[in-house]
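> Got a structure for you, questions after.
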Amino acid sequence: MNINDIQSTGSKATREGFGQGFLEVGRQNPNIVGLTADLLGSLQMQHFKKEFPERFFQVGIAEANMMGIAAGLATAGKIPFTGTFANFSTGRVYDQIRQSIAYSHKNVKICASHAGLTLGEDGATHQILEDIGMMRMLPGMVVINPCDYNQTKAATIAIAKHYGPVYLRFGRPSWPIFTPEDQEFKIGKAQVLATGTDLSIFACGHMVWIAVEAAKELHAQGISCEVINIHTIKPLDEKAILASVKKTRAVVVAEEHQINGGLGDAIAHVLTQNLPAPMEYVAVKDSFGESGKPLELLDKYGLSKKDILWAAKDVLDRKK
């Protein structure tokens, strides 16, 4: 697989992929129900509500209550999908998730939009950058951060068939579409987008496309990059990570998250135990965000293509 073969076929928000996937699983399984905390349109759940009004619950701005209701519905055999911003899906309701959902391994799908800096103009209070770390620490919690519209739709369909709690993280802005429309999403199975021998670039969410763009530029400089989409942060595909690093012996991890606790730390843990190698993080460096346009924020906080290029140079220098 050549990095230059990866091309965008258009753009849509990943939250739109969730909305379409949610409608599809609703048609497939009558036990699936939806809940939202006053963010119907933002989560693109209106399509499901229109077709299945009797299976949809608008709980208002009461996110903790929504998680409790979801746990109760799961106890009664339903498969609840909760929908609100990532900040309100985790930080505001962590106690309810831990006690009512994770502890008893309830079959609840926590669907979280507007994650990371690319929430943009709503600013630091809404731009949660700690959620992957919070959720992956919960025993039994699956954590997924797909990269584009097609993959978010496929992931939504896949988690409906998985028994147990899931945290599905996606975003607000329109973003390039570059994965297949008819893909099968396998929870816990990394997606190798391009093979290479000099450098392994692991990324999740919006940062996968930026990693692809950086790898194309590195390819033009004669550097062979293996680009792997780690859409499932937990359970982590350790086999794919180790197979790649065994070849390249150099690693860059890119994520729209704090440098602490996220995908980078998960991969570093695997490498420390099995295959130590030079590694660089492209992530937010222990900082809150601010209000601004999504791409400008990614640039300011060190999550742009140039930041991946700098990280690649640093790690390749250390490899020598």
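> Do we have any residue at all in region 40-49 that's of a type in the set (A, V, I, L, M) and surrounded by fewer than 20 Cβ atoms within 10 Å (Cβ to Cβ)?
The answer is yes, given that some residue of region 40-49 is of a type in the set (A, V, I, L, M) and surrounded by fewer than 20 Cβ atoms within 10 Å (Cβ to Cβ).
> Just to check your reading of the model, which residue among Glu296, Glu290, Glu238 is without any contact (Cβ under 8 Å) to a residue 40 or more places away in the chain, of a type in the set (Asp, Glu) and in contact with a helix residue (DSSP H, G or I) (Cβ under 8 Å, 6 or more places away or on another chain)?
Being without any contact (Cβ under 8 Å) to a residue 40 or more places away in the chain, of a type in the set (Asp, Glu) and in contact with a helix residue (DSSP H, G or I) (Cβ under 8 Å, 6 or more places away or on another chain) holds for just one of Glu296, Glu290, Glu238, which is Glu238.
> Is it the case, given these coordinates, that Gly91 is buried (at least 20 other Cβ atoms within 10 Å of the Cβ), within 18 Å of Arg169 (Cα to Cα), assigned by TED's automatic domain parsing to the domain that holds Thr125 and touching a residue at least 40 places away in the same chain (Cβ under 8 Å)?
Spelling it out, it is not the case that Gly91 is buried (at least 20 other Cβ atoms within 10 Å of the Cβ), within 18 Å of Arg169 (Cα to Cα), assigned by TED's automatic domain parsing to the domain that holds Thr125 and touching a residue at least 40 places away in the same chain (Cβ under 8 Å).
> Next question. What is the number of the single condition among (1) of a type outside the set (Lys, Arg); (2) part of a loop (DSSP other than H, G, I, E, B); (3) crowded, with 22+ Cβ neighbours inside 10 Å; (4) without any contact (Cβ under 8 Å) to a residue 24 or more places away in the chain that Gly264 does not meet?
(2)
> Which condition from (1) buried (at least 17 other Cβ atoms within 10 Å of the Cβ); (2) among the small types (Gly, Ala, Ser); (3) free of Cβ contacts under 8 Å to residues at least 40 places away in the same chain; (4) not in a helix (DSSP H, G or I) is the one that Gly34 breaks?
Every listed condition holds for Gly34 apart from (3).
> Name every residue in region 64-85 that is in contact with a helix residue (DSSP H, G or I) (Cβ under 8 Å, 6 or more places away or on another chain) and in a helix (DSSP H, G or I), in order of residue number.
Of everything in region 64-85, those that are in contact with a helix residue (DSSP H, G or I) (Cβ under 8 Å, 6 or more places away or on another chain) and in a helix (DSSP H, G or I) turn out to be Ala64, Met67, Gly68, Ala70, Ala71, Ala74.
> Condition first: more than 18 Å from Ala62 (Cα to Cα) and out of contact with any Phe, Trp or Tyr (no Cβ under 8 Å at 6 or more places or on another chain). Now tell me which residues in region 89-117 satisfy that.
Ala102, Tyr103, Ser104, His105, Lys106, Gly116
> Name the residue, out of Thr195, Thr152, Thr156, that is surrounded by fewer than 24 Cβ atoms within 10 Å (Cβ to Cβ), in contact with a Lys or Arg (Cβ under 9 Å, 6 or more places away or on another chain) and polar (S, T, N, Q).
Every option except Thr195 fails the conditions.
> Something else about it: Please state which one of Val284, Val212, Val251, Val227 is of a type in the set (Val, Ile, Thr), more than 19 Å from Gln191 (Cβ to Cβ) and either crowded, with 24+ Cβ neighbours inside 10 Å or at pLDDT below 95 (or both).
That would be Val284, the only listed residue that is of a type in the set (Val, Ile, Thr), more than 19 Å from Gln191 (Cβ to Cβ) and either crowded, with 24+ Cβ neighbours inside 10 Å or at pLDDT below 95 (or both).
> Taking the conditions exactly as written (surrounded by 21 or more Cβ atoms within 10 Å (Cβ to Cβ), of a type outside the set (A, V, I, L, M) and part of a loop (DSSP other than H, G, I, E, B)), does Gly289 satisfy them or not? Talk me through it step by step, then tell me what you get.
On the way: surrounded by 21 or more Cβ atoms within 10 Å (Cβ to Cβ): yes; of a type outside the set (A, V, I, L, M): yes; part of a loop (DSSP other than H, G, I, E, B): yes.
Yes: the conditions hold for Gly289.
> Those residues that are in contact with a helix residue (DSSP H, G or I) (Cβ under 7 Å, 6 or more places away or on another chain), at pLDDT 95 or above and not hydrophobic (A, V, I, L, M, F, W, C), I need them from region 1-41; list them, please.
Answer for region 1-41, where residues must be in contact with a helix residue (DSSP H, G or I) (Cβ under 7 Å, 6 or more places away or on another chain), at pLDDT 95 or above and not hydrophobic (A, V, I, L, M, F, W, C): Lys12, Thr14, Glu16, Gly17, Gly19, Gln20, Gly21, Glu24, Gly26, Asn29, Gly34.
> If a residue must be under 25 Å from the mean Cα position of the chain (by Cα) and among the small types (Gly, Ala, Ser), how many such residues does region 60-79 contain?
6
> On to the next question. Only residues that are within 20 Å of Gly68 (Cβ to Cβ) and not aliphatic (A, V, I, L, M): list them for region 35-54, please.
First, the residues of region 35-54 that are within 20 Å of Gly68 (Cβ to Cβ): 35-40, 43, 45.
Once the filter is applied, which keeps residues that are within 20 Å of Gly68 (Cβ to Cβ) and not aliphatic (A, V, I, L, M), region 35-54 yields Thr36, Asp38.
The values are calculated or read from the model by the stated rules, or taken from the named source; none is laboratory data. Quantities reported herein were computed from a predicted structural model and do not represent experimental measurements. Every residue, glycine among them, receives a Cβ derived from its backbone with ideal geometry; neighbour counts consider all protein chains shown.
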